[in-house]
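Engineer: One structure is given below, represented as structure tokens, and several questions about it will come after.
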Amino acid sequence: MSSRVVTLDIESIASGGDGVARTEGLVVFVPRTAPGDRVVARISPKGRLARGVVERIELPASTRAVPECVHYDGDRCGGCQLQHLTLDAQRQAKRAIIRDSIRRIGKRDVELPPMHAGAHAWRYRRKLTLALRRDGQRWYGGLHAFDNPEKVFSLVDCNIADERLLSVWREILAASVHLPDVPRLRGSVRLLGDYAAFVLEGGWEWSAHEAFFAAAPQLSALWWVNNAGTRVLLADRREHPEPGASFAQVNPEVAEQLEAFVLDRVLSHAPRTVIDGYAGAGDVAFKLTAHDIRVTAIELDAEASAWSGSRLPADSRAITARVEDALEAALPADVVLLNPPRAGLDARVASLLSAATPPPRAIVYVSCDPATLARDLLRLAPYRIASLTAFDMFPQTAHVETVCELVPSSSGVSP
């Protein structure tokens, strides 16, 4: 079907941040719209779905806000999706996304979860990843346009990023003559405590990395991931090296709230043994051992797993492996803690937990994607939801963290 122009009433926000409307039997997804908007949009149907592009807003919703970032409208930046909504409207949308995903995909009848949030909706990010492109001999760093993934605009500022990140990035770009000689790269700056780490991705060789590091004195550590996927620590000025290439809290304030909540939920089941799946650098595992709990921390990243193991007491252990490969041997456990990447659980993890005898008293699942959480809940049929709680880790974006506490369906624990 060819594209056409229609008038739409926006009803809700979808998981990716697009507004949702319905017309002529179609479900239409329209970026940068708000529930309550009436818009004129050009839609392009595909089956029963359609994508829409706003031509004009006929009636703006009361939940609209003026975006603070010059790139949001000016460059159609894809880094944020919800700056055009008030903060209250953003959080209400995220609560609805979690509820609707679990109802529709997970086939569980849940209500809107409570939402925890921090005091800062701007300048909270401690990590900033940019695409690096060349303009002649000059490198620039930027983000992708939401409606054109190939377009990368030059970033002047990022209103959700800690200003120290921008300072480090300016220094990196000033030293960019020493970057690998390739058309495009990708880089991440992470603030880890009082120091900054840089991870560069791309290229087959980097002979000038020492000159680059010398020209960027704000950096304390430098990692390189080459085109073969090999990650190497090339330079390090830190006094006490810790894992920094893969693990950094994007929003430390809310991350601290989430960690305290997870620890509370795990400890509420009085476990003597805990499996910490996707354990990262083992911060939660280490804190659990202070309560005389024997922890098995499973993490694929060798650097993080080694760090985790170095801190655990003798009766606990760190295993460097995929959770789906190590879980069976690690069971049984009183509580299983899961914090998977956006892709969610491997089907084998859900299968092993569903068949576990005896079953764990609880599964505490920390999710960064409501859709994959909902899918995994469908796979974890022997468990019911005891509590469901949201954390607004990433204001101005459509991303949300969810903690789902599961107990065996036969358990007498009240939700």
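All of the numbers you see were taken from the coordinates with simple rules; none came from a lab. Quantities reported herein were computed from a predicted structural model and do not represent experimental measurements. Neighbour counts run over all protein chains shown; Cβ positions are idealised from the backbone, glycine included.
Engineer: Count the net charge of all other residues whose Cβ sits under 13 Å from the Cβ of SER387, scoring Lys and Arg as +1 and Asp and Glu as -1. Before the final figure, lay out the partial values.
Structural biologist: Values: positive: ARG108, ARG265, ARG384; negative: GLU111, ASP264, GLU405.
Charge balance near SER387 sits at 0.
Engineer: Scan segment 166-250 for trypsin sites (Lys or Arg not before Pro) in coil per DSSP, keeping those whose Cβ has at most 16 other Cβ atoms within 10 Å, and list them by number.
Structural biologist: Those that pass, being in a loop and sparsely packed, are ARG237, ARG238.
Engineer: Could you tell me which residue out of LEU112, ALA279, PRO341 lies farthest along the dipole of the chain toward its positive end? Charges go on the beta carbon: Lys and Arg +1, Asp and Glu -1, centred on the Cα centre.
Structural biologist: Final value for the positive-end residue is LEU112.
Engineer: Work out the P(r) tail for segment 301-405: percent of alpha carbon pairs separated by more than 16 Å, whole number.
Structural biologist: For segment 301-405, the fraction of Cα-Cα distances above 16 Å is 63 percent.
Engineer: Right, another one. Cross-link partners among aspartates and glutamates for LYS127, C-alpha distance below 13 Å, same-chain residues fewer than 8 apart left out?
Structural biologist: ASP162, GLU163
Engineer: Gain in length, SER44 to SER207, computed as 0.36 nm per residue apart minus the alpha-carbon separation, to one decimal in nm?
Structural biologist: Stretched fully, the SER44-SER207 segment lengthens by 53.8 nm.
Engineer: Dipole size in debye (nearest 20) for segment 1-62 around its Cα centre, Lys and Arg Cβ +1, Asp and Glu Cβ -1?
Structural biologist: It works out to roughly 240 debye.
Engineer: Scan (1) 16, 30, 31, 13, 6, 3, 1, 0; (2) 24, 53, 23, 0; (3) 27, 61, 11 for the value of P(r) over Cα pairs in 20 Å bins from 0, in percent calculated from this model and give just the label.
Structural biologist: Label of the calculated value: (2).
Engineer: Classify segment 105-147 from the C-alpha gyration tensor, please: rounded if a/c falls under 1.5, else prolate or oblate depending on whether a/b exceeds b/c.
Structural biologist: oblate
Engineer: Then there's this: With each label point set 7 Å from Cα along the Cα-Cβ vector, what nm distance links VAL66 and GLU242?
Structural biologist: Rounded to a tenth, the inter-label distance reads 4.1 nm.
Engineer: Let me ask something additional. Report the Cα centroid-to-centroid distance between segment 328-342 and segment 286-323 in angstrom, as an integer.
Structural biologist: Each part reduced to its Cα centre gives a spacing of 12 Å.
Engineer: Same structure again: Once you have all Cα-Cα distances for segment 1-77, histogram them in 10 Å bins from zero and send the whole-percent values.
Structural biologist: That works out to 20, 52, 24, 3, in percent per bin.
Engineer: With only Lys, Arg, Asp and Glu charged, each at its Cβ (+1 for the first two, -1 for the last two), find how big the charge dipole of segment 1-149 is about the Cα centre; round to the nearest 20 debye.
Structural biologist: 600
Engineer: Let me ask something additional. How many angstrom lie between the C-alpha centres of segment 92-134 and segment 351-415?
Structural biologist: 15
Engineer: Give me the percent of DSSP beta bridges within segment 257-415 that run antiparallel, rounded to the nearest 5.
Structural biologist: Numbers: 13 of 30 bridges.
Roughly 45 percent of the DSSP beta bridges within segment 257-415 come out antiparallel.
Engineer: What number does segment 127-236 give for Rg over Rh if you use C-alpha atoms and the Kirkwood radius?
Structural biologist: Taking Rg over the Kirkwood Rh, I get 0.94.
Engineer: If the elastic network links every pair of Cα atoms under 10 Å, which of PRO149, PRO31, PRO370 fluctuates the most in the Gaussian network model of the chain?
Structural biologist: Looking only at PRO149, PRO31, PRO370, the biggest GNM fluctuation is shown by PRO149.
Engineer: Which of rounded, prolate or oblate describes segment 78-135 when judged by the alpha-carbon gyration tensor and an a/c cut-off of 1.5?
Structural biologist: prolate
Engineer: Can you tell me what share of the DSSP beta bridges in the chain is antiparallel? A percent to the nearest 5 is fine.
Structural biologist: Working: 65 of 94 bridges.
Once the DSSP bridges in the chain are tallied, antiparallel ones form about 70 percent.
Engineer: While we're on this one: Using +1 on the beta carbon of Lys and Arg, -1 on that of Asp and Glu, and nothing else charged, what's the dipole of the chain about the Cα centre, debye to 20?
Structural biologist: Computed charge dipole of the chain: roughly 1060 debye.
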